[in-house]
Structure formats: structure tokens, C-alpha cells
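Worksheet for the structure shown next.
What follows is calculated from the coordinates using simple rules that are stated; it is not laboratory data. Only a predicted model underlies this, so the values are computations on that prediction, with no experimental measurement involved. All Cβ positions, even for glycine, are placed from backbone atoms using ideal geometry, and neighbour counts span all protein chains on display.
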Amino acid sequence: MMMLAVMMMFLAMGCSKDSDDGPKDSELEKLAIGTWMCVESTDTQQNGASYSGLMIGKQVTINSDRTFTSTASSFGYSGTYTISGNKITAKSSSGTFVVTVSISGDRMTWNGTASNGVRFKYVFVRE
């Protein structure tokens, strides 16, 4: 379930008007481009059961051509993304997910809920 949540989180990002709630689309994209390694992960199911560490060691590479690749099968290994404000929408063969992204230095944090209801928080460091 966690892998599905992760994959759905990064699969499609949409371009839209900038939001006052987060960075401008181009700013977030510039900061996010590169390869990231997950160093912290927590997935919480609808029944409240929580799992830590399932994504640790998985990589995501965000490319400037609005594509991504991943070592996590739940992300679908590759797909496309769009950005709107501080949200990334990702699409792959595994589905679609939307995550709220924050980047500080070489750390990127994803918070979201997968289509199956699993809530997640992942912290990545730039490779």
C-alpha cells in the first residue's frame, strides 16, 4: 500500500497560476530537479495503522522535461509530472497522486494522501 501511495504521489504535476501558499511553479521545479534519496518515511492507513521506513533507500529523479524515474515500484518507475504552487501531481502506469512539497536546502518533504486513502510523509535528501 505504501508503494502505491508513493507512486501516486509523484506521478503527475500540473502547471497553473502561482499560489501565495507556496513557491512559484518555476521556483519549485528548479529546486526539485535532480536525484533524491528517501531517508525518512511514514505511511498511515485509514484504520490508523502506521508504518515507518518502507520507502527508505528508494530514489526519485525529477527531470527538467517534466518526467521522473524512480527505484520504487509504487511510483511506476517512470512517469510525468506537473506543478501548481507547492503541489506536484505525478502520473505513471501505477496511477496518479498529488503531494504537497517543501524544500529546504538539500531536503525535500512530501506530504499527501494516496487514492487508496493511505496518508504519507516522506523526507528525501539530494544525491
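I want to check the label-to-label distance for Arg107 and Ser64. Put each point 7 Å from Cα in the C-beta direction and report it in nm to one decimal.
2.8
Give me the Debye-computed log₁₀ of I(q)/I(0) at q = 0.18, 0.23 Å⁻¹ for the stretch 63-127, equal point scatterers on Cα only, no solvent, two decimals.
Scattering profile of the stretch 63-127, log10 relative to I(0): -0.68, -1.16.
Just to be sure I understand the model, the point goes 7 Å from the Cα along the line to the Cβ. What's the resulting Ser50 to Ser73 distance in nm?
2.7
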